[in-house]
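The values are calculated or read from the model by the stated rules, or taken from the named source; none is laboratory data. None of these values were measured; they are calculated from a predicted model. Cβ placement follows ideal geometry from the backbone for every residue including glycine, while neighbour counts extend to all protein chains displayed.
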Amino acid sequence: MEYYRLRIVTTEEGVDIIPAMLTDFDITGIEIEDPREVEALRGGKKTYHWDYVDDKVFDIDDYAVIVYTDDPGKAADIAGAFRDNSMVKELIVEHADDSEWKDRWKEFFKTSKITDRIVIKPGWEEYDPGPDELVIDIDPGTAFGTGTHETTSGCIELLERYMKKGDSVLDVGSGSGILSIASVLLGAGRVTAVDIDPEAVRVTAENAERNGMADSIETICGDLTKDIDDKYDIVVANLMADLVIMLSEDAAKHLNDGGIFISSGILIEKEEEVISALERNAFRVIEAVEKGEWCAIAAEL
Ligand code: SAH
């Protein structure tokens, strides 16, 4: 796809105002570079973002709004409208064609066997499953979750171990929907998938449909369990340590007696901290699976 990238270098005030002005141009793809955010990160005020922070984030010195559009007319209109605005220090327009690299990641996402039973297959590959194999068919789009990350495979391993037929499951941070689909394959009766990112919610619903599970997987856009009223037999959450710690109190409220909380996205160095939070909320840790630098924990209420 061909697209235009307009980088509008601006002021502290501009970074707050320009995105609102862009709504007149019906733009959906924007990115903000805000040195204040970097400061917050450096100061550790947003600690729960730390685990996945890309070092490039720390190179941000300018305030900038970056706009993406595939419409040359719209790119020209936006450039014209902002070029002489007093809040704009610099405006750079780039034209790019991402058709080559856009699909490059697909070369690295291959059919893979996650456990003895679970196989994950990208939508565009064919696979002939063995008699005991369960296949998850995934097109992750831009959402997280091809199953190859240790944090995801750790969850799948624990789901396989603790799922009982007919269990209800709450998947917090569903990403591509991979853990919801794995749950249904492993015998879950119904699954609620929640994600804070609307794109992940869309991709989860699409992948549920692709696997013939649209009736068993309900999708909700929300922050952790804030929009959830129900109780479940299993709560699974592949987030990151600080979010898991925040969730451990609510997870207990959303579990039936004897329910299991499977949490992941936890760096091994934060394992003890997570275990303490689980124990404070009446959980008994039954198993921790370590893979690479990550661990996934199963705890019982
Ligand atoms: N479950 C998938 C994806 C894990 S990535 C897998 O195991 O592969 C973590 C997901 O959590 C992302 O999709 C992200 O959007 C979502 N997330 C992050 N913070 C969240 C929050 N506060 N509430 C709900 N979802 C959240």
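In the set Ile262, Ile220, only one residue is within 15 Å of the ligand (Cβ to nearest atom) and more than 24 Å from Glu150 (Cα to Cα); that residue is Ile220.
One residue stands out in segment 265-301 among those that are of a type in the set (D, E, K, R) and under 14 Å from Glu150 (Cα atoms): the one that is modelled with the highest pLDDT, namely Glu290. Residue check: is Ile32 within 26 Å of Gly265 (Cβ to Cβ), hydrophobic (A, V, I, L, M, F, W, C), modelled with pLDDT under 90 and surrounded by fewer than 16 Cβ atoms within 10 Å (Cβ to Cβ)? Answer is yes for this residue.
Asn256 meets the conditions (1) among the polar types (S, T, N, Q); (2) under 23 Å from Ile196 (Cβ atoms); (3) surrounded by fewer than 20 Cβ atoms within 10 Å (Cβ to Cβ); (4) touching a Lys or Arg at 6+ places or on another chain (Cβ under 8 Å) in every case but one. The failed one is (2). Scanning segment 137-171 for residues that are of a type outside the set (Val, Ile, Thr), near the ligand (Cβ under 8 Å from one of its atoms) and under 14 Å from the mean Cα position of the chain (by Cα) yields Ala143, Phe144, Gly145, Gly147, His149, Asp171. Within the option set Gly154, Gly173, Gly177, being touching a Lys or Arg at 6+ places or on another chain (Cβ under 8 Å) and either buried (at least 22 other Cβ atoms within 10 Å of the Cβ) or within 19 Å of Ala299 (Cα to Cα) (or both) holds for one residue only, Gly154. Set side by side, the residues Val203, Val274 differ, and just one is within 15 Å of the ligand (Cβ to nearest atom), assigned to a helix (DSSP H, G or I) and β-branched (Val, Ile, Thr), which is Val203.
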